[in-house]
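Data first, discussion second: the structure below is written as structure tokens.
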There are 2 protein chains.
Amino acid sequence: MAANSSFMVDRREIEFVLFEYLKIQKLFDIPYYSDHSIESVGEMLTSAITLCNQYLGPLNKVGDRIGCTHNKETKEVTTPPGTKEAYKQFVDNGFLTLSDSEQAGGIQAPGIIASVFMEIFSSANQAFTMYPGLTKSASHVINHFGEEWMQKFCIPKIASGAWTGTMCLTEPSAGSAVGDLRSTAKRGKDGSFLIKGVKQWISGGENDFTENILHLVLARIEGAPAGIEGVSLFLVPKFRIDKNSGKITGKNDLYCISLEEKMGIHGNSTCLMSFGDKDDCQGFLIGKENQGINYMFLMMNEARIGVGLQGLGQASVAFLNAEGYAKERIQGVDISAKKDASNPPRIAIVNHPDVKRMLLRQRSIVEGMRALCYTTALMHDESEHSTNEKDKKRAHGFLELLTPIMKSWCTDMGFYSITQSIQTYGGYGFTKDYPVEQLLRDSKITSIYEGTNGIQALDLVGRKMRMEDGQIFMSWLGRHGSFVEKNKEHKDLSQEMLMLGDYVSKIGRGAMHMSEIAKKGNKHAAILNAYPFMMAFGHTIICGLLLEQAVLACEKLSNSNLSVNDKKFYNNKIKTAKFFTHHVLPEAKSFLASVLSPDISCLDFEF
Amino acid sequence: MAANSSFMVDRREIEFVLFEYLKIQKLFDIPYYSDHSIESVGEMLTSAITLCNQYLGPLNKVGDRIGCTHNKETKEVTTPPGTKEAYKQFVDNGFLTLSDSEQAGGIQAPGIIASVFMEIFSSANQAFTMYPGLTKSASHVINHFGEEWMQKFCIPKIASGAWTGTMCLTEPSAGSAVGDLRSTAKRGKDGSFLIKGVKQWISGGENDFTENILHLVLARIEGAPAGIEGVSLFLVPKFRIDKNSGKITGKNDLYCISLEEKMGIHGNSTCLMSFGDKDDCQGFLIGKENQGINYMFLMMNEARIGVGLQGLGQASVAFLNAEGYAKERIQGVDISAKKDASNPPRIAIVNHPDVKRMLLRQRSIVEGMRALCYTTALMHDESEHSTNEKDKKRAHGFLELLTPIMKSWCTDMGFYSITQSIQTYGGYGFTKDYPVEQLLRDSKITSIYEGTNGIQALDLVGRKMRMEDGQIFMSWLGRHGSFVEKNKEHKDLSQEMLMLGDYVSKIGRGAMHMSEIAKKGNKHAAILNAYPFMMAFGHTIICGLLLEQAVLACEKLSNSNLSVNDKKFYNNKIKTAKFFTHHVLPEAKSFLASVLSPDISCLDFEF
């Protein structure tokens, strides 16, 4: 940990999840990933950690304190000092294109590796990481759906770090309801379009560290249907691009009107953008007309996984800092000693039971999130590159099912975990002398952007759980069910298996109850408790994954040649899983109480 | 609501709790309070609301954005523009001395009225309200324990608004463990003391709007015992006071070293204070030597009630703003309409089930906190001024029992409620265009200061519940038990009564379980789950109080002459109580799961 950075990472735990639990080395047998190995992943990990210690970590506090500034006359945005260099280092070290195909300039690393880095980079600096994160998404859309000239000229520019990208969906009066957007596209003579509209919350919408910015803008072509069915996607560059040479030909008619004043992520320029103020904003259609939302969803699904990883990364670094502080901070005496000695020794606060409780709570939530995030990321790789069609399909179904849960659980539970990190610090946690208050402020946005967690719950209950008549959902529950069945007499974990099994049944019953309400036709009642259901499901899934890890840790412990560190590590994995099962999982009970409650009187409440 | 202020208050609800539910008009029969009436309280309420609309509310955003600044050379602090005028208006309108005795310059208003105003002022401006709040506490200590000259000269200066006061307990390495403080007091020739030390987190430690500041400082007299038993309390004025004339004679040897950089409450100057840098800091003993902590506890208990009220005030104003926004913000279409119409009408987000759920959650938490806070405040009045000794003693016991719960429940649940307010706003909630992000930042400190919520839980479980061999605790549980017994066949609330009764028994069992662990001698295990127990108890108490209100609302509804507004109000009270019982109370189940869990492995976790 560099002195001017609060960046910390639990590399041992990350490697355990990757190589011992998920055994991602199996991916290296897939031809697409055959260039990679445990060793090469280890080298990349070292390189990512170095990047964080040297650039992203130190930039985090600077970004928060100095933030971005907007020049009202030139409309230019100045990003925090160090951003340009950090972006260059990020790109030069290969982290932007890591998981891209070789044709697209990447090294075809499994997406799960990119996910691990997303976590690590978010631990170091969420605001900064959003610049390459959105750029990568934009690049993927162009690569999948863009015209040949876009792929030929834009992708290499992005890959080299010279150009960045953004996602322009939201407008002042079209947030969650994207289909209500008012931006328009008028057909030009040369096949291009004239874009006109105002877009809001555009992360990285303007910057001073790249030569051009490719905005992916949703707009409605004149005459297109109302609503989401009439929305098309356009590539709208900050500087015009000659389609034949790829050269920049001049400024396009778009600019940043102002920056949002936010609670956190000050290092990222969140812009209110004007397109076509002078009726001269050139845009190029991506893919087919009126199919914009489908292309955007490709970005969105990736982005949602990315947001879940942000929740993990921030809660993880907050926990590691709080844990470190608790081991150093001396305060008070041992409660057992109080009455025996006249001047008992002062102890580190990590020894106070309530502090232990708070720390283990954070730890179990963080490790639970990591288990879920990496599991989901692995599904993504398998769904794209598995050589077995059945596996591919199965992984795709699970990926769809888990995405809204991962996004919401990691951002809401992550936020609550960070509040516990602050509480661990006491008064110091409320000050800017320590990193946790910034982490809390930065992380609050994650439950909102890329679809609020309420929207995620609707996606889960209204769409994902119904996929294939509920078979995917049932099949996932079955994973936990078989695991419990197999281990119900486990010598160290039988009690926890019993508890997990109980909650798996409860989730099944909750789902059935919701579907019965839906059948009765009251749509409001059917979705009223989608959020509590999603959280209960999340708790259960995570308990299942943590107990899988605990069973594995028990097996590892039976090896008598373990190092002291490994012994401690595996013992702690078991305790963490037990803590989660006994002290976090029961929260699912209260969420399910809402799901099963006959009280729906809030629906006719007169506000 | 003034345009430049986010201040809002639910006056109807406040009056319901005061006059219909708690019937505080019975206090006016007590001779000490006989000058007051429902009408006079109503006038004061109007005056308080006007003060908030005109001064405190508009100052809130200014205080947050501009904050306090410290001049490193002069050591002076500049408070946000408008603070001086707001303080003058606050004092001139009688809110500083409201509940003080007539001898002390007050009007002997019941403390519960002062509590209501504390809530209202916190809704308008927490950072500002801390200046008069701590001044009032300091004044009470001086009035109770100070020497005659202090009472004669200091109290009137405070009452007039010319001088303020502070509490100086914490030091950089003595936070929760106050007894470990290092500040010293050396006997001077004239009976005064020379104070030396550094104090941290001193709210209002320096200001530019009053002529003098009276610091109440804890320090150890040379030769006094170690630990908390050797701590004495001193009056240490910023400017020296002549004991014979009360006149200011010159600057004392103390100054503000620096301001803390905080996450919120920027309008309040949180100072690192130096006392006796030149060995010439004059202080005067308050009360007896080595009794300092007892006097401080008088302030502390009041302060804890005040912090609970801050939690209430902030969650209340966040909810009211979120509710107002949800009724105005148009987004999306009704989920029932989606497939029927080609262009269905767009609706206010308050009509989306998930938003209703979030709003009712906030509302039920806010009204629950208000029920608990006002009930506790009433106990305070009765414990001090009741004419019946038995009532007095009983009220005192309940006050002691409820204080840590009120402080913690209102600050933690208040904070979570504000996160729901942000979520209701969506992206806008994360920006400085709306008040909720500031409320979240400001409110985070409440779970920490005046004793962290972990400390409160230890106070509850280790001390308060054991008072009189547990009789006070059992007697409070009995209140809810008898209520359930009486109403178990209530025509509208029988199901909720059953649920409450079940949780009351559960709390009893939880308490018994904890006391059995304690008897076995494992002190760590005995207090490990003090916090979850406190929260479960808080949920149960609040459910009990809200259901008492619901029963009353049912009675009121049987009156056929009700206005439309009253009908709506009482119906909403019932729905809110039901919502709490079905959707918030069950969280107690998960807290109790921790209390009853056999898993205490976190105690030997190797961090």
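We did not get these values from a lab; they are worked out from the coordinates using the rules stated. Just so it is clear, the structure is predicted and the values come from calculations on it, not from any experiment. Heads up, the Cβs are rebuilt from the backbone with ideal geometry, glycines too, and the neighbour counts pull from every protein chain shown.
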If every Lys and Arg gets +1 and every Asp and Glu gets -1 at its Cβ, then about the Cα centre chain A yields a dipole, in debye to the nearest 20, of 780
Dividing the surface of the Cα convex hull of the stretch A:450-607 by four yields a projected area in nm² of 11.7
Sorted largest first, the Cα spans of the stretch A:480-548 on the principal axes come out in Å as 47, 17, 14
For the B:S563, B:E102 Cβ pair and Förster radius 35 Å, calculated FRET efficiency rounded to 0.05 is 0.35
Lys and Arg at +1, Asp and Glu at -1: neighbours of B:K486 with Cβ under 14 Å from its Cβ sum to -2
Magnitude of the Cβ-charge dipole (Lys and Arg +1, Asp and Glu -1) of the protein assembly as shown about the Cα centre, nearest 20 debye, reported as 700
Largest-first semi-axes in Å of the equivalent ellipsoid built from the Cα gyration tensor of the stretch B:52-179 are 24, 21, 15
Counting every C-alpha pair in the stretch A:164-296, the percent lying more than 28 Å apart is 12
The computed P(r) of the stretch B:523-607 puts the percent of Cα pairs beyond 16 Å at 62
Sorting B:F297, B:T78, B:T424 by the position of each Cα along the dipole of chain B (Lys, Arg +1; Asp, Glu -1; all at Cβ), the one nearest the positive end of that ordering is B:T424
Scoring chain B by relative contact order with C-alpha pairs under 8 Å, at least six apart, yields a percentage of 12
The helix A:453-462 Cα axis meets the longest alpha-carbon principal axis of chain A at an angle in degrees, between 0 and 90 and rounded to 10, of 90
Quick numbers on the stretch A:284-398, Rg and Dmax over C-alpha atoms in Å, give 23.8, 81
If B:H513, B:H215 are placed from fewest to most neighbouring beta carbons inside 10 Å, the sequence is B:H513, B:H215
Final fewest-first order of A:Y33, B:Y531 on the 10 Å Cβ neighbour count is A:Y33, B:Y531
Partner shielding of A:526-534, taken as the mean number of other chain Cβ atoms within 10 Å, equals 3
Sorted by number, the cysteines in chain A with no other cysteine beta-carbon under 4.7 Å are A:C52, A:C68, A:C154, A:C168, A:C281, A:C373, A:C410, A:C543, A:C554, A:C602
Given B:467-479, A:144-156, A:412-424, the highest-first ranking by average Cβ count within 10 Å works out to A:412-424, A:144-156, B:467-479
extent check for the protein assembly as shown: Cα max minus min per principal axis, descending, whole Å, gives 92, 76, 65
In degrees rounded to 10, the 0-90 angle between helix B:587-596 Cα long axis and the longest Cα principal axis of chain B is 60
Ordering A:270-283, B:446-459, A:308-321, B:276-289 by per-residue average of other C-beta atoms within 10 angstrom, highest first, gives A:308-321, B:446-459, A:270-283, B:276-289
Env charge @ A:I330, Cβ radius under 11 Å, K,R +1 / D,E -1, value +1
For A:K152, counting only aspartates and glutamates whose alpha-carbon sits under 20 Å away and dropping same-chain residues fewer than eight positions off, the answer is A:D100, A:E102, A:D190, A:E211, A:D242
Expressed as a whole-number percentage, the relative contact order of the stretch A:11-145 with C-alpha contacts under 8 angstrom and at least six residues apart is 23
Taking the stretch A:1-87, the whole-percent share of alpha-carbon pairs separated by over 19 angstrom is 57
Neighbour-count ranking for B:I349, A:I30 (other C-beta within 10 angstrom, fewest to most) reads A:I30, B:I349
Correct semi-axes for the stretch B:190-243, from √(5λ) of the alpha-carbon gyration tensor and rounded to whole Å with the largest first, are 23, 15, 7
Across all Cα atoms of the stretch B:361-435, Rg and the largest Cα-Cα distance (Dmax), in Å, are 17.1, 55
Sorting from shortest, the nanometre distances separating the label point of A:D566 (7 Å past Cα along the line to Cβ) from those of the same residue in the other copies are 7.7
Taking only the alpha-carbon atoms of chain A, the convex hull volume per residue, in cubic angstrom, is 182
Between B:E147 and A:R346, Cβ-based FRET efficiency (R0 25 Å, step 0.05) works out to 0.10
Checked against a 21 Å limit on the C-alpha separation, the offending pairs among B:K72/B:K199; A:K356/B:K262; A:K407/A:K578; A:K186/A:K288; A:K199/B:K432 are A:K356/B:K262; A:K407/A:K578
Highest mean packing first, using Cβ neighbours within 10 angstrom, the peptides A:398-408, A:62-72 sort as A:398-408, A:62-72
Distances in nm between the label point of B:N522 (7 Å along Cα→Cβ) and its equivalents in the other copies, shortest first, are 4.6
Mean other chain Cβ within 10 Å across B:342-354 is 4
Relative contact order as a percentage, the stretch A:164-296, C-alpha pairs under 8 Å and 6+ apart, gives 30
For the pair A:L552 and A:S336, the simple spin-label estimate (label points 7 Å beyond Cα toward Cβ) gives in nm 3.4
Taking every DSSP bridge whose two residues both lie in chain A, the antiparallel percent to the nearest 5 is 80
Sorted shortest first, the nm distances from the B:F19 label point (7 Å along Cα→Cβ) to its counterparts in the other copies are 7.3
